[in-house]
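Take a look at the structure below.
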Amino acid sequence: MSGHEFVAAFDDASGIDSHDDQTNIGEQTIAEMRQIMARYPEPRSALLPMLHLVQSVDGRISDAGVQICAELLGISTAQVNGVATFYTMYKRRPAGKHHVGVCTTTVCAVMGGDVLLDQMKEKLGIDEGETTPDGMFSLERLECNAACDFAPVMMVNWEFMDSMTPEKANALIDNLQAGREVHSTRGAHITSWAEAERVLAGFPDGLADEGPTAGPASLAGLQIAREKGWTAPVPPSPAAVDGGKPNER
Amino acid sequence: MSVDVLTPTLSDNWDQPDAWKIANYVARGGYEAARKAVGMDPDAIIGLVKDSGLRGRGGAGFPTGVKWSFIPQANPNPKYLVINCDESEPGTCKDVPMLMATPHTLVEGVIISSFAVRAHHAFIYVRGEVLHVIRRLQKAVADAYEAGYLGKGIFGTDYDLDVVVHAGAGAYICGEETALLDSLEGRRGQPRLRPPFPAVAGLYASPTVVNNAESIASVPAIVAKGAAWYKTMGTEKSAGSTLYSVSGHVKRPGQYEAPLGTTYRTLLDLAGGIRAGHQLKFFTPGGSSTPILTPDQLDVKLDYEGVAAAGSILGTKALQTFDETVSVVRTTLRWTEFYKHESCGKCTPCREGSWWLVQTLRNIEQGKGQEGDVEKMLDLCDNVSMKSFCTLADGFVANITSSIKYFREEFEAGYHTPAWELFPYEKSVYFPYERERITVSEGAGE
């Protein structure tokens, strides 16, 4: 040892084991990657869904996954890595069985998201970007997830956990930890991060029919319209155009 | 003819059981507009959408029909339609509930719009972090194929159309149309220099229309009921019905579909007003990239012209609402951190400017700002604004400069006092739906 060990300038470099060449990708996954490529006029368009598939099989963006994507698409591993490191949903370190997100963009932050994130760190015993030693949970600070009317919002495996409170957040983790069935407030029952990634790769899991049509905040205006009898204007019917009784609206 | 305060059009079936299923959509007259459209002259559809006055609902407000007419039909390359469902602008939460409740409205709009621009391949680009929306869209597209509404010779005509649901992977910038196209090509989502515009050289360098989900979902009703009907809603230059998204310190946050030109005073009343015992401090009219407005502007007409005249932008009609407990330094910092995180890094003013502004704002939040920091931020904003390929940087500049314009003293207080001492953060915490909902929802639809 020279006493001059290299220290990475980027925090993100820590925890990634670049010597780990393990992979679960086999013939079936490669066949599925080819199916994805066939959906597009130009195969490279398949890269994002292919990387989602890599995560569903390997639990992370594995070096082997990068290599296979590059070979199938005829591009360099540098090009694949360039994409894999650009998008926040791709994880170089293994995510947990359940990937927990807490939105802390402004509306959620102010309404209680900051409180929830601190609480989740304490509850799970990990910092954002980390995974629990048992591999059960990973935690992420999210940017806006398009559910501001349900603030503060959490996500589990990219399913909505709307209108959260400290009590509900604790119960959510306890239920997941105990293996009880948990439902998204506006989606299906919670499966796992890896299974969610497979859906994002374009392989449906058959759960589209679970969950409600809409959540309560989505219906806030519509309920008032129904109570008041408010509707969009009724288009003139042929009879009205021909001199029939004018529309009362 | 007087028009009602709320005009549910896009949202009219959201309270129906299992509205996302194709049978229920068809039972309410769904796909009749698409069936009618594929029997029309494509140029007549473009004309109809132009006449309706429909303008882009993704923020820019460009007339949808005019955009379609820019597609050079003489170009021998394939034409593409790409739907932007990368809803990520802070405050914006309209497309997600729409696509979850009624994905077939979008699919029907895609059929009509693709036929109008002579595209045989359409892509629905959805942000990846909304799993159930993607499930519902995948199923809607699959069911539409099975019904013969997509695929070869749809509706018994000789017109072919393929639709792919494509999940993104986490990048706000992919809501910018040229970054979206790069992402859809399997690259890093970074904006392109224009010209050429996507209409001439978009996806795979071919003529491409990129439209917001709400814009395309508005098309079936226009085809079914006519351009004149659509224009009975809204104002002269901002026609139609639209989804206003109210969030923050109001009693009933949510989606309110109303004619364009509705004031925030009206929407705030419908939302039950500000939470009990508090007053409105400021709001955004159209997401975090639009300059903030104050209670003095409650009567501004929320249409493209009205909001512009008030010094802001209609944007995505995302009304984020904050009461008097909220520190403007805190909100400005948090939004700027968002833009720093989401800057793609391609253009130096945006990448470095957001980085520097976050550092300055963090100091101010902690009460460690230095005399002159406000002037320095305004100077930085001036150097960043309008100097990048896309408008991401203009978004954070709009937020910072408008926040300083209305609440300069709060930023200057940060030269000596932390924001959380002036505005204790715990006082802003609010759980509006706490009593109504618990963690576990009602079960499956069937």
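The values are calculated or read from the model by the stated rules, or taken from the named source; none is laboratory data. Everything numeric here is computed off the predicted structure, so don't read it as measured data. Backbone-built Cβ (ideal geometry, glycine too); neighbour counts: all protein chains shown.
What number goes with the only condition from (1) assigned to a loop (DSSP other than H, G, I, E, B); (2) more than 10 Å from chain A (Cβ to nearest Cβ) that residue B:129 does not pass?
Failing condition for residue B:129: (2).
Here's the yes/no breakdown for (1) at pLDDT below 95; (2) among the acidic types (Asp, Glu):
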{"residue": "B:350", "(1), (2)": "no, no"}
{"residue": "B:364", "(1), (2)": "no, no"}
{"residue": "B:372", "(1), (2)": "no, no"}
{"residue": "B:376", "(1), (2)": "no, no"}
{"residue": "B:408", "(1), (2)": "no, no"}
{"residue": "B:419", "(1), (2)": "no, no"}
{"residue": "B:432", "(1), (2)": "yes, no"}
{"residue": "B:436", "(1), (2)": "yes, yes"}
{"residue": "B:439", "(1), (2)": "yes, no"}
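Please state which one of B:66, B:130, B:126, B:82 is in contact with a strand residue (DSSP E or B) (Cβ under 7 Å, 6 or more places away or on another chain), among the β-branched types (Val, Ile, Thr) and either surrounded by fewer than 21 Cβ atoms within 10 Å (Cβ to Cβ) or farther than 28 Å from residue B:229 by Cα (or both).
B:126
Being within 12 Å of another protein chain (Cβ to nearest Cβ) and closer than 30 Å to residue B:335 by Cβ, is that true of even one residue in the range A:58-66?
yes
Take the residues in the range A:179-210 that are out of contact with any strand residue (DSSP E or B) (no Cβ under 7 Å at 6 or more places or on another chain) and assigned to a helix (DSSP H, G or I); name whichever of them is nearest to residue B:143 (Cα to Cα).
A:199
Considering only the range B:262-292, how many residues are on the phi < 0 side of the Ramachandran plot and free of Cβ contacts under 8 Å to residues at least 24 places away in the same chain?
Total satisfying the criteria: 1.
Could we say that residue B:228 is buried (at least 18 other Cβ atoms within 10 Å of the Cβ) and either modelled with pLDDT of 95 or more or outside the structural domain of residue B:255 (by TED's automatic domain parsing) (or both) here?
Answer is no for this residue.
When only residues in the range A:227-241 that are facing chain B (nearest Cβ under 7 Å) and at pLDDT 95 or above count, which is nearest to residue B:229 (Cα to Cα)?
For the range A:227-241, the residue satisfying everything is A:233.
Right, residue B:301: surrounded by fewer than 22 Cβ atoms within 10 Å (Cβ to Cβ), over 18 Å from residue B:279 (Cα atoms), outside the structural domain of residue B:407 (by TED's automatic domain parsing) and touching a residue at least 40 places away in the same chain (Cβ under 8 Å) or not?
Yes, satisfied.
Confirm whether residue B:51 is surrounded by fewer than 21 Cβ atoms within 10 Å (Cβ to Cβ) and either polar (S, T, N, Q) or more than 14 Å from chain A (Cβ to nearest Cβ) (or both).
Here the answer is yes, as residue B:51 does meet what is asked.
Quick check on residue B:290: is it at pLDDT 95 or above, closer than 22 Å to residue B:257 by Cα and either buried (at least 24 other Cβ atoms within 10 Å of the Cβ) or touching a Gly at 6+ places or on another chain (Cβ under 9 Å) (or both)?
Yes, satisfied.
Out of B:162, B:143, B:158, which single residue is out of contact with any Asp or Glu (no Cβ under 9 Å at 6 or more places or on another chain), part of a helix (DSSP H, G or I) and modelled with pLDDT of 95 or more?
The unique qualifying residue is B:143.
Among the residues of the range B:100-121, is any touching a helix residue (DSSP H, G or I) at 6+ places or on another chain (Cβ under 6 Å), touching a residue at least 40 places away in the same chain (Cβ under 8 Å) and hydroxyl-bearing (Ser, Thr, Tyr)?
Looking for residues that are touching a helix residue (DSSP H, G or I) at 6+ places or on another chain (Cβ under 6 Å), touching a residue at least 40 places away in the same chain (Cβ under 8 Å) and hydroxyl-bearing (Ser, Thr, Tyr), one finds at least one in the range B:100-121, hence yes.
Please verify whether the range A:92-99 includes one or more residues that are within 13 Å of chain B (Cβ to nearest Cβ), out of contact with any helix residue (DSSP H, G or I) (no Cβ under 7 Å at 6 or more places or on another chain), modelled with pLDDT of 95 or more and over 22 Å from residue B:125 (Cα atoms).
Within the range A:92-99, none of the residues are within 13 Å of chain B (Cβ to nearest Cβ), out of contact with any helix residue (DSSP H, G or I) (no Cβ under 7 Å at 6 or more places or on another chain), modelled with pLDDT of 95 or more and over 22 Å from residue B:125 (Cα atoms).
Any chance the range B:304-322 includes a residue that's within 14 Å of another protein chain (Cβ to nearest Cβ), more than 30 Å from residue B:31 (Cα to Cα), out of contact with any helix residue (DSSP H, G or I) (no Cβ under 7 Å at 6 or more places or on another chain) and modelled with pLDDT of 95 or more?
Taking every residue of the range B:304-322 in turn, at least one turns out to be within 14 Å of another protein chain (Cβ to nearest Cβ), more than 30 Å from residue B:31 (Cα to Cα), out of contact with any helix residue (DSSP H, G or I) (no Cβ under 7 Å at 6 or more places or on another chain) and modelled with pLDDT of 95 or more.
Looking at this structure, is residue A:103 more than 7 Å from chain B (Cβ to nearest Cβ), within 30 Å of residue B:331 (Cβ to Cβ) and surrounded by 24 or more Cβ atoms within 10 Å (Cβ to Cβ)?
yes
Scan the range A:168-178 and give yes if some residue there is part of a loop (DSSP other than H, G, I, E, B) and in contact with a helix residue (DSSP H, G or I) (Cβ under 7 Å, 6 or more places away or on another chain), otherwise no.
Checked the range A:168-178: no residue is part of a loop (DSSP other than H, G, I, E, B) and in contact with a helix residue (DSSP H, G or I) (Cβ under 7 Å, 6 or more places away or on another chain).
Yes or no, residue by residue, for (1) part of a loop (DSSP other than H, G, I, E, B); (2) among the aliphatic types (A, V, I, L, M); (3) buried (at least 22 other Cβ atoms within 10 Å of the Cβ):
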residue	(1), (2), (3)
B:329	no, yes, yes
B:333	no, yes, yes
B:340	no, no, no
B:358	no, yes, no
B:371	yes, no, no
B:387	yes, no, no
B:397	no, yes, yes
B:426	no, no, no
